[in-house]
Amino acid sequence: MNAIHSRPFTDAIRARGLTKSFGANRVLAGVDLTVPTGSLLALLGPNGSGKTTTVRILTTLLAPDGGTATVGGHDVTRDGVAVRRMIGLTSQQATVDDLLTGRENLELFAGLYHLGRRRARRRADELLERFGLTAAAGRRAGTYSGGMRRRLDLAASMVSEPPILFLDEPTTGLDPRSRAELWSVIRELLASGTTILLTTQYLEEADQLADRVVVINGGRVVADDSPAALKRQVGAERLALRPAEPADLARAGAALPGAHPDAEAGELTLALQDPDHLRRALDQLHRAGIPVGHVELRTPTLDDVFFELTAAAA
Amino acid sequence: MSAPVTAADGRGVSAPLTATGGGMSAAGDLRRLVVRDLRRDMRVLDGLIVNTALPVMIMVLFVYVFGGAISTGSSGLDYVDFVVPAVLLMSGGYGAALTAVTISDDMTGGMIDRFRTLPISGWVVPAGHVVASVIRNLASSAIALAAALLLGFRPDASLTDWALVLALVTGYVLAMSALAAVWGLLVSSSQAAGAFSFVVLFLPYVSDGIVPAETMPGVLRGFADHQPLTPIIDTMRALLLDLPMGSSGAAATAWLAGIVAICVPLAALLFRRRTSAR
């Protein structure tokens with residue numbers, strides 16, 4: 001191990017005040033985030049919120065306009081080469097060669113990491129095994145299913161055993177089963193000590209995997225908390241309720257503290273703090289003499305998170 | 001996993017597997033990327049057709065279909081002997097022009113992000129495509145030559161002449177690949193990159209290669225006399241058929257050296273600009 005790598009630090013990734021504009025379009029307006037070594041941070045946000053731009057800056061593919069960031073103790077703008085030695089990146093676009101087989105892809109990248117032919121072959125074997133691709137090793141990557149491609153992509157990012165891994169929306173577009181498979185692979189990487197920054201549009205994904213969640217919207221961090229705390233803030237589940245008489249909607253809203261009536265949809269939604277909250281809410285409506293027409297429980301969506309977070313800020 | 005090297009000890013992050021080898025690594029990287037390209041070529045049907053069947057088809061087309069109707073003018077040559085140099089260049093040149101597409105695909109897809117996060121010199125990525133293109137298209141030219149010999153091409157050339165012909169074809173394929181690389185790095189889509197093939201496919205027609213330039217009307221003749229393919233073809237003809245070369249050898253060398261000398265550094269510069277973190 002050389003001296004540069006052994007410099008002590010506890011945060012594998014640290015960004016302060018990152019800004020970036022493309023022309024007149026301000027994509028990042030001052031992003032701060034910290035990922036302690038060995039943990040997983042989920043960067044959660046909708047399309048266009050600045051997730052990918054943040055990842056591209058942290059992986060040295062893009063220079064920030066302002067702010068600073070260190071990855072593995074190295075400055076991303078001044079010491080890109082050292083940063084690249086520490087990281088693996090799985091970007092949204094597939095970064096494997098469709099015309100090469102799974103094994104050929106891994107051996108190519110292992111070769112480009114200068115592992116030597118025999119070691120490259122062994123490394124490819126290990127990765128194929130670990131990512132459940134041994135049976136498909138001899139098939140061209142172009143014939144893989146979406147989930148297999150992502151796993152191959154992830155395997156390619158792990159060829160050099162980087163201590164820090166960036167995954168840009170690794171499960172977008174995958175079916176639930178492939179998603180679950182990828183999650184278990186990510187958990188294994190985390191268990192082996194890899195620091196991971198993962199971007200996602202799915203609150204559930206962040207909840208499943210992350211030690212900490214940074215919610216980003218419009219290039220700004222709107223929340224930085226543990227998944228549990230974030231869920232407490234948003235409510236684990238949401239109650240969607242329609243009064244039997246549409247005219248009662250406003251009255252129902254007044255009777256339920258924290259409810260958001262939506263006149264257009266003719267319903268009101270309420271973030272449930274705990275299961276008993278549902279009973280209390282129905283009791284409150286009963287006491288107010290409002291008959292309930294339709295009740296539904298919904299898992300919170302990203303929209304709910306933003307609604308909640310922006311409502312809290314206002 | 002046999003060697004977990006990433007255990008966090010609370011003090012820091014341990015080093016990943018690091019690259020071994022210093023100065024020789026660029027040559028090794030180049031070789032790996034060339035192998036990647038050649039493997040890809042063997043797996044794409046239309047690419048294989050361009051590289052193997054097309055040279056034969058062009059040769060047959062010119063010798064049997066057009067050959068009977070074209071006079072070789074004052075040279076008095078058999079048409080097959082006359083047209084071989086142009087067909088050798090056409091066979092290699094079209095495939096070389098496709099280098100623009102392969103480079104553009106790498107640049108516009110996600111692959112370039114992967115390459116950029118690897119500890120390799122950036123220039124080996126376009127260089128790999130160019131070198132693979134030279135190998136692939138020399139093979140195409142060789143196939144065209146074999147077809148020509150079967151169709152009655154009777155060269156009169158010494159070993160030195162053959163070596164010089166090989167050098168010229170290699171130079172031409174290298175020049176066209178490098179030019180294609182520049183084009184592929186300038187445009188932002190594979191479709192636009194593909195347009196370069198038409199230019200390269202078209203050039204031989206307005207040269208001394210397929211019909212004698214002396215038979216063309218004024219403007220076209222002026223173009224044919226001053227474009228690079230005419231001196232290259234005239235030189236090849238002189239070498240292959242043991243004819244007087246005149247000044248065409250020097251002109252051909254100057255053209256090829258000039259294109260390579262401009263396009264290679266330009267491609268490297270464009271690649272750096274496309275991939276710099278901005």
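With respect to A:Ala120, determine if the residue is within 10 Å of chain B (Cβ to nearest Cβ) and either surrounded by fewer than 18 Cβ atoms within 10 Å (Cβ to Cβ) or among the small types (Gly, Ala, Ser) (or both). Spelling it out, A:Ala120 is indeed within 10 Å of chain B (Cβ to nearest Cβ) and either surrounded by fewer than 18 Cβ atoms within 10 Å (Cβ to Cβ) or among the small types (Gly, Ala, Ser) (or both).
Would segment A:164-171 turn up any residue that is in contact (Cβ under 8 Å) with a residue 24 or more places away in the chain, hydroxyl-bearing (Ser, Thr, Tyr), within 13 Å of chain B (Cβ to nearest Cβ) and touching a Leu at 6+ places or on another chain (Cβ under 8 Å)? No.
Counting only strands (runs of 3 or more DSSP E) that fall entirely inside segment A:166-262 and contain at least 1 residues that are surrounded by fewer than 18 Cβ atoms within 10 Å (Cβ to Cβ), more than 13 Å from the chain's Cα centre (by Cα) and outside the structural domain of A:Leu285 (by TED's automatic domain parsing), the qualifying elements are A:220-225. Taking helices (runs of 4 or more DSSP H) as the structural unit, those lying wholly within segment B:79-119 and holding at least 2 residues that are within 20 Å of the chain's Cα centre (by Cα) and touching a residue at least 12 places away in the same chain (Cβ under 8 Å) correspond to B:79-97, B:99-108. In this entry, A:Arg280 passes the filter for residues that are surrounded by fewer than 19 Cβ atoms within 10 Å (Cβ to Cβ), charged (D, E, K, R) and either modelled with pLDDT of 85 or more or assigned by TED's automatic domain parsing to the domain that holds A:Leu18 (or both). For segment B:131-144, the condition of being within 14 Å of another protein chain (Cβ to nearest Cβ) and touching a helix residue (DSSP H, G or I) at 6+ places or on another chain (Cβ under 9 Å) holds for at least one residue. Every listed requirement among (1) buried (at least 24 other Cβ atoms within 10 Å of the Cβ); (2) not in a helix (DSSP H, G or I) is met by B:Phe153 save one, (1). Against the definition (at the interface with chain B (Cβ under 7 Å from one of its Cβ atoms) and within 27 Å of A:Thr199 (Cβ to Cβ)), how does A:Leu89 come out, yes or no? Spelling it out, A:Leu89 is indeed at the interface with chain B (Cβ under 7 Å from one of its Cβ atoms) and within 27 Å of A:Thr199 (Cβ to Cβ). Looking for something among the acidic types (Asp, Glu) and more than 10 Å from chain B (Cβ to nearest Cβ) - is there at least one such residue anywhere in segment A:176-183? Yes, segment A:176-183 contains a residue that is among the acidic types (Asp, Glu) and more than 10 Å from chain B (Cβ to nearest Cβ).
Of the helices (runs of 4 or more DSSP H) that lie entirely inside segment B:209-278, those containing 1 or more residues that are surrounded by fewer than 16 Cβ atoms within 10 Å (Cβ to Cβ) and among the charged types (D, E, K, R) span B:218-226, B:248-275. Among the residues making up segment B:102-117, those that are among the aliphatic types (A, V, I, L, M) and surrounded by fewer than 24 Cβ atoms within 10 Å (Cβ to Cβ) are B:Met107, B:Met111, B:Ile112.
Let me confirm something: among B:Gly209, B:Gly246, which residue is among the small types (Gly, Ala, Ser) and on the phi < 0 side of the Ramachandran plot? Among B:Gly209, B:Gly246, only B:Gly209 is among the small types (Gly, Ala, Ser) and on the phi < 0 side of the Ramachandran plot. In a residue-by-residue description of segment B:59-76, the property of being surrounded by 20 or more Cβ atoms within 10 Å (Cβ to Cβ), over 22 Å from A:Asp97 (Cβ atoms) and aliphatic (A, V, I, L, M) applies to at least one position. When you scan segment B:256-277, do you find a residue that is within 14 Å of chain A (Cβ to nearest Cβ) and among the hydrophobic types (A, V, I, L, M, F, W, C), even just one? Yes. Being more than 28 Å from B:Asp41 (Cβ to Cβ) and out of contact with any helix residue (DSSP H, G or I) (no Cβ under 6 Å at 6 or more places or on another chain) narrows it down to one residue among A:Thr54, A:Thr60; which is it? Answer to the check: A:Thr54.
Of everything listed in (1) over 22 Å from B:Ser121 (Cα atoms); (2) modelled with pLDDT under 90, the single unmet condition for A:Arg84 is (1).
Highlighted here are the helices (runs of 4 or more DSSP H) found entirely within segment A:3-118 that include at least 1 residues which are within 23 Å of A:Tyr202 (Cβ to Cβ) and either assigned by TED's automatic domain parsing to the domain that holds A:Arg149 or of a type in the set (Phe, Trp, Tyr) (or both): A:51-58.
Restricting attention to segment A:61-107, which residues are among the β-branched types (Val, Ile, Thr), under 30 Å from B:Arg39 (Cβ atoms) and touching a residue at least 40 places away in the same chain (Cβ under 8 Å)? A:Ile87, A:Thr90, A:Thr95, A:Val96, A:Thr101 - these are the residues of segment A:61-107 that are among the β-branched types (Val, Ile, Thr), under 30 Å from B:Arg39 (Cβ atoms) and touching a residue at least 40 places away in the same chain (Cβ under 8 Å).
The rows are residues; the columns are (1) under 19 Å from B:Arg36 (Cβ atoms); (2) in contact (Cβ under 8 Å) with a residue 12 or more places away in the chain; (3) within 9 Å of chain B (Cβ to nearest Cβ).
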| position | (1), (2), (3) |
| --- | --- |
| A:Phe109 | yes, yes, yes |
| A:His114 | yes, no, yes |
| A:Leu128 | yes, yes, no |
| A:Gly132 | no, yes, no |
| A:Ala135 | no, no, no |
| A:Ser145 | no, yes, no |
| A:Leu154 | no, yes, no |
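Among the residues of segment A:20-53, those that are within 14 Å of chain B (Cβ to nearest Cβ) and of a type outside the set (A, V, I, L, M) comprise A:Lys20, A:Ser21, A:Phe22, A:Gly23, A:Pro36, A:Thr37, A:Gly38, A:Ser39, A:Thr52, A:Thr53. Return the only residue of B:Pro126, B:Pro85 being in contact with a Lys or Arg (Cβ under 8 Å, 6 or more places away or on another chain), closer than 20 Å to B:Ser197 by Cα and buried (at least 24 other Cβ atoms within 10 Å of the Cβ). Only one candidate passes the filter, namely B:Pro85.
The values are calculated or read from the model by the stated rules, or taken from the named source; none is laboratory data. No experiment lies behind these values; they were computed from the predicted model shown. Glycine also receives a Cβ, built like all others from the backbone with ideal geometry; neighbour counts cover every protein chain displayed.
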